[in-house]
Amino acid sequence: MFEPYRVTFIGHRYIERYREVEVRLVDVLNMLADQHPFLDFYIGNNGEFDILATSAVRRLMEGRGKENYTLNLVLQYAKANMDFLAKQYDSIILPPTLYGVHPKAAITVRNRWMLENSDLLVAHVIREKGGAATCLHMAEKLEKPVVRI
């Protein structure tokens with residue numbers, strides 16, 4: 001049996017040139033789907049890039065069939081609307097590394113967990129500040145392959 005190729009998405013809360021980012025993201029997803037028979041996607045829900053990536057993955061799954069793909073929401077802490085979120089994703093993951101972590105540090109710890117448990121980072125990072133930039137630098141230190149959007 002094939003092991004899935006695991007892909008993490010990271011990006012800024014707000015996107016400039018939304019349509020250009022969307023077109024590039026769809027191209028990357030199609031390339032990945034052509035290269036890997038099974039894909040696991042890890043994504044947060046903290047901004048416009050996460051929304052865009054989630055939508056693009058769902059369209060990929062609708063177009064190519066859902067049986068070879070999983071869309072996993074990785075949260076930094078439990079949220080009030082967990083029942084609603086559970087219907088939107090194949091799974092919701094609360095990484096065990098977050099136990100006891102202060103809420104202000106939770107996103108960084110969650111992002112590190114996603115990087116450590118993935119084969120590739122797809123990143124939309126255009127500013128050198130913020131959580132997305134920090135995650136990109138972590139990926140570089142961990143020598144993870146990165147596709148920049």
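The values are calculated or read from the model by the stated rules, or taken from the named source; none is laboratory data. Quick caveat, the model's predicted, so the values are computed rather than measured. Glycine gets a Cβ as well: all are built from the backbone with ideal geometry, and neighbour counts include every protein chain shown. Remember, those area values only see protein heavy atoms, side chains included, never the ligands or the DNA or RNA. Shrake-Rupley method; radii C 1.70, N 1.55, O 1.52, S 1.80 Å.
Among the chymotrypsin sites (Phe, Trp or Tyr not before Pro) within the range 1-101, those in coil by DSSP and having at most 12 neighbouring Cβ atoms inside 10 Å are Phe2, Tyr14, Tyr77, Tyr99. Please report, as a whole percent, how much of the solvent-accessible surface of the chain comes from carbon and sulfur atoms (probe radius 1.4 Å). C and S atoms contribute 53 percent here.
Over the chain, dividing the summed -39,500 (n - 2.57) contributions of all DSSP H runs of at least 4 residues by the number of residues returns a 222 nm mean residue ellipticity of -14500 deg cm²/dmol.
A 1.4 Å probe run over the protein chains yields, for the range 77-149, 60 Å² of accessible area per residue, whole-number rounding. For the pair the range 131-147 and the range 26-93, the centres of their Cα atoms are 20 angstrom apart.
Our estimate of slack between His102 and Asp119, defined as 0.36 nm per intervening residue step minus the Cα-Cα distance, is 3.4 nm. About the centre of its Cα atoms, the chain shows a dipole size close to 460 debye [charges on the beta carbon of Lys, Arg (+1) and Asp, Glu (-1) only; nearest 20 debye]. Distances between placed amide hydrogens fall under 5 Å for Gly11 paired with His124, all partners being 5 or more residues away or on another chain.
The length gained on full extension between Glu20 and Ile92, counted as 0.36 nm times the residue separation minus their Cα-Cα distance, comes to 23.0 nm. Comparing the chain with the 2.2 N^0.38 Å rule of thumb, its C-alpha radius of gyration ratio is 0.99 (two decimals). Solvent-accessible surface of protein heavy atoms, probed at 1.4 angstrom with all chains present, puts Asp50, Asp119 in the order Asp119, Asp50, largest first. Toward the positive end of the charge dipole of the range 103-149, with +1 on the Cβ of Lys and Arg and -1 on the Cβ of Asp and Glu, the farthest Cα among Ala139, Pro103, Val122 is that of Pro103.
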